[in-house]
Amino acid sequence: MFIRCAFFKGQVKPGMEQAFNRHVHETLVPLWTRFPGALEVRVQRQLESDVGDPELAMVLSIRYATREDIARALDSPVRYESREASKALFDMFDGTVFHTVFSAEEFPLPVA
């Protein structure tokens, strides 16, 4: 199994916490579940030892069965919808956001 993660390193801007959480759960998560081949979408806040970086504010992850599934998802129209939807999220966040792909063995996420 493979996981594509968006790591949010920094913090939500003061006064934006509710809007940020609402946008993540009401907009991004439903959108990300539409990626072709997506098996599961997770939102986790303040991961520490799993990633080895206590400055991570949030990790959004999508699980896929294969790397090929990830490639198909990234070629789908949902990716462009996700980019547009994410712009509002980035405006509420003070820090950096980066994406990467792991195997489940390399990056085992805790059970939600």
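The values are calculated or read from the model by the stated rules, or taken from the named source; none is laboratory data. Worth saying up front: this structure is predicted, and the values here are computed from it rather than measured. Note that we place each Cβ from the backbone using ideal geometry, even for glycine, and neighbour counts take in every protein chain shown. Just the protein is used for accessible areas: all its heavy atoms, side chains included, with ligands, DNA and RNA removed. Shrake-Rupley method; radii C 1.70, N 1.55, O 1.52, S 1.80 Å.
Spelling out what I want: for every residue of region 16-31, take phi, set θ = phi - 60°, compute 6.51 cos²θ - 1.76 cosθ + 1.60 (Karplus), and round to whole Hz; glycine and proline get x.
9, 4, 5, 5, 4, 4, 5, 5, 4, 7, 9, 10, 5, 4, x, 5
How much accessible area per residue does the chain have, in Å², with a 1.4 Å probe?
For the chain, the per-residue accessible area is 56 Å².
Expressed as a rounded percentage, what relative contact order does the chain have, with Cα pairs under 8 Å and six or more residues apart?
45
To the nearest 20 debye, what is the magnitude of the charge dipole of the chain about its Cα centre, counting +1 on the Cβ of each Lys and Arg and -1 on the Cβ of each Asp and Glu?
280
For region 95-104, take each phi angle, set θ = phi - 60°, evaluate the Karplus expression 6.51 cos²θ - 1.76 cosθ + 1.60, and give the result in whole Hz per residue in order, putting x for glycine and proline.
Per-residue couplings from phi come out as x, 10, 10, 9, 10, 7, 10, 10, 7, 4 Hz.
So how compact is the chain: Cα radius of gyration and Dmax in angstrom?
For the chain, the Cα-based Rg and Dmax read 13.5, 40 Å.
How large, in percent, is the carbon and sulfur part of the accessible surface of the chain at a probe radius of 1.4 Å? Let's see the in-between values first.
On the way: 3230 of 6280 Å².
Carbon and sulfur atoms account for 51 percent of the accessible area of the chain.
Given the DSSP H assignment, sum -39500 (n - 2.57) over each helix run of at least 4 residues in the chain and divide by its residue total; what's the result at 222 nm in deg cm²/dmol, nearest 500?
Taking each H run of at least 4 residues, the total per residue is -8500 deg cm²/dmol.
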